[in-house]
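Reviewing the structure listed below.
The values are calculated or read from the model by the stated rules, or taken from the named source; none is laboratory data. Note that the coordinates shown come from a computational prediction; the quantities given were computed from them, not determined experimentally. Note: ideal-geometry Cβ built from the backbone for every residue, glycine included; neighbour counts use all protein chains shown.
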């Protein structure tokens with residue numbers, strides 16, 4: 001029996017390609033991966049699943065070389081560096097020639113992002129002041145850019161082009177804030193020799209960028225920089241952002257295009273599968289009633305929209321900036337609610353903020369709960385309280 005290649009392409013390949021190029025797809029995949037991971041972690045497969053995630057990865061048999069030693073560490077320290085590399089390129093592109101390239105364009109999303117980071121952190125801190133959880137203040141600061149934009153895409157004309165651009169710029173700046181928080185507050189004791197070598201590598205990368213050289217040498221230097229950061233005490237993922245800043249501007253679009261699909265449909269789903277394998281506690285009510293949970297959920301669901309709306313309101317009333325085209329104050333509230341989808345970024349910071357496994361699990365559950373509530377409230381608000389817009 002002969003198979004018609006065009007028939008196979010029509011039935012399988014084309015629908016698959018259409019799906020992965022649909023902006024709604026990432027949200028669907030992340031929700032699916034999270035559901036699968038939570039299900040496996042709370043069934044008879046839990047032991048095998050957790051063991052697989054934490055399996056030891058054979059390393060180079062040289063004592064002087066220190067690398068991640070488990071699959072989970074390779075995902076969080078290695079694969080996530082590629083995610084942050086993509087985020088760094090998006091930041092550079094927007095700053096050099098995008099929505100953040102001029103003061104008038106950048107002021108509103110910049111101020112909104114700052115408000116959306118500061119207010120959740122303050123809410124969390126005051127709820128957890130004097131407890132063992134205060135180090136988790138960075139968890140509700142984060143916005144999952146891919147997930148929030150994926151949910152926005154589900155709403156069609158309810159989210160105008162201007163609002164999508166605003167939300168994208170806000171999320172990118174939020175990513176930058178999260179990256180700085182990780183580098184400054186969530187890194188271990190510093191090993192200055194590795195940082196010194198990293199500084200030399202960054203100087204070489206800068207010179208390569210100035211002479212518009214981008215080849216295999218750049219890749220080798222990027223790997224060496226990652227290794228130096230991994231052993232320096234500063235989280236290894238920061239290397240991804242720094243390398244991105246030294247990519248020649250004319251190479252950004254091509255690299256971003258090449259990485260978007262593998263990052264969104266391989267790396268982030270793998271991260272979600274590995275980091276949401278949470279054994280739900282028997283006393284779920286007790287876990288939810290902890291100040292850690294209340295602080296994270298309140299920060300994401302209340303703090304994010306409150307901080308973003310207040311910052312935008314002050315900026316516009318002081319005539320420092322204007323609302324995006326075809327966007328009302330109700331839409332800004334909706335964008336603030338969607339920005340409360342911390343999801344993968346909040347979970348990632350949770351793994352850095354605490355050492356105790358049970359505390360990390362509660363923080364992850366809280367990040368998921370806060371994100372799902374933000375999705376629910378964001379969709380409801382934009383669907384029923386905001387008029388459809390076509391521009």
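Report the residue count in region 73-98 for those that are buried (at least 20 other Cβ atoms within 10 Å of the Cβ) and farther than 20 Å from residue 246 by Cα.
Residues that pass the stated criteria total 1.
Taking the stated definitions as given, is residue 147 buried (at least 24 other Cβ atoms within 10 Å of the Cβ) and in contact with a helix residue (DSSP H, G or I) (Cβ under 7 Å, 6 or more places away or on another chain)?
Working: buried (at least 24 other Cβ atoms within 10 Å of the Cβ): yes; in contact with a helix residue (DSSP H, G or I) (Cβ under 7 Å, 6 or more places away or on another chain): yes.
Judged against the criteria, residue 147 is a match.
Out of all the residues in region 143-161, which are modelled with pLDDT of 80 or more and in a helix (DSSP H, G or I)?
Within region 143-161, 148, 151, 152 qualify.
Which of the residues belonging to region 194-214 are touching a helix residue (DSSP H, G or I) at 6+ places or on another chain (Cβ under 9 Å), at negative phi and at pLDDT below 95?
Selection gives 194, 195, 213, 214.
Would you be able to say whether some residue in region 81-92 is in contact with a strand residue (DSSP E or B) (Cβ under 9 Å, 6 or more places away or on another chain), modelled with pLDDT of 80 or more and assigned to a helix (DSSP H, G or I)? Even if it seems obvious, please write down each step before you answer.
From region 81-92, those in contact with a strand residue (DSSP E or B) (Cβ under 9 Å, 6 or more places away or on another chain) are none; that's our starting set.
So far as region 81-92 goes, no, none of its residues is in contact with a strand residue (DSSP E or B) (Cβ under 9 Å, 6 or more places away or on another chain), modelled with pLDDT of 80 or more and assigned to a helix (DSSP H, G or I).
When residues of region 224-262 are filtered for being in a helix (DSSP H, G or I) and within 30 Å of residue 196 (Cα to Cα), how many remain? If you could, list the steps in order and put the result at the bottom.
Of region 224-262, the ones in a helix (DSSP H, G or I) are 224-232, 238-245, 249-262.
Next, only the ones that are within 30 Å of residue 196 (Cα to Cα) stay: 224-232, 238-245, 249-252, 255-256, 259.
Adding up the residues that qualify gives 24.
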